[in-house]
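Asker: Please read through the structure below; I'll follow up with questions.
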Amino acid sequence: MAITACQILHANDYGGMNQQLTSAMSDGWKPMGYLRITNGSPQDFYQMMYQGNDTDVDSYQAIIANAQTIPVKNSSGTVSATGTAAIAQSVLNSVSLPATTAIVTNTQALSIPVTAGILVAIGTATRTLTLTVSGGVVTAAAIS
C-alpha cells in the first residue's frame, strides 16, 4: 500500500508541536523527514506527517537488510562472489566478501609463494595460475 494521505503540522512552540505529534501518531499518522524549526522569533515548528506505507522506492533505490547477501560483480557483469551487507543507522557501510575471496587490482604486486606441478619451461607459454585465498588475501599460487 502506498502513502494515502499527508498533512503538515504547525505550532509556535515545542510543547504545542509535541501535543500535535502525540495526537496525530495515536491516530495512525507517521512523521516523514525531520522536524523543521524556523530561526525567527518566535520560532515556528513544522512536521510533515503521512498515512499508509512509505516503502515505495524509486527505480534507482533499493531496500536491503543488515547481513543480507548480495552478488558482487566485476566490470563485465560477471558474478564473482556473494557479499554480506553491513548497515548501521540506516546507512550501508560496507559489503564484506567471504574469507575465500580476495580483491586484486590490475598491476598490483603480490608477494606470494608459487609452486609448479610440472617443470616450468623458459620462454613464452600459456600456463594456468591457480590462486589460493585465505582470510581475504592471496596466500599462494600454483602454476600448471
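Asker: Kindly state, to the nearest 0.05, the FRET efficiency for residue 6 paired with residue 59, given R0 = 22 Å and r defined as their beta-carbon distance.
Answerer: Efficiency computed from Cβ-Cβ geometry: 0.50.
Asker: Using only the Cα atoms, work out Rg/Rh for segment 58-98, with Rh taken as the Kirkwood radius, to two decimals.
Answerer: 1.00
Asker: Cα convex hull of the chain: how many Å³ per residue?
Answerer: For the chain, the hull spanned by Cα atoms encloses 203 Å³ per residue.
Asker: For the chain, what is the mean residue ellipticity at 222 nm derived from helices alone (per DSSP H run of n ≥ 4: -39500 (n - 2.57); sum divided by total residues; nearest 500 deg cm²/dmol)?
Answerer: -3000 deg cm²/dmol
Asker: Quick one: which residues, 5+ away or cross-chain, put their amide H under 5 Å from the amide H of residue 82? H built at 1.01 Å from N.
Answerer: 72
Asker: Magnitude of the Cβ-charge dipole of the chain, K/R +1 and D/E -1, about the Cα centre, nearest 20 debye?
Answerer: Using Cβ point charges on Lys, Arg, Asp and Glu, the chain gives about 700 debye.
None of the figures in this text is laboratory data; all of them are computed from the coordinates on show. These numbers were taken from a predicted model, which means no experiment stands behind them. With ideal geometry, Cβ positions are generated from the backbone for all residues, glycine too; neighbour counts draw on all protein chains shown.
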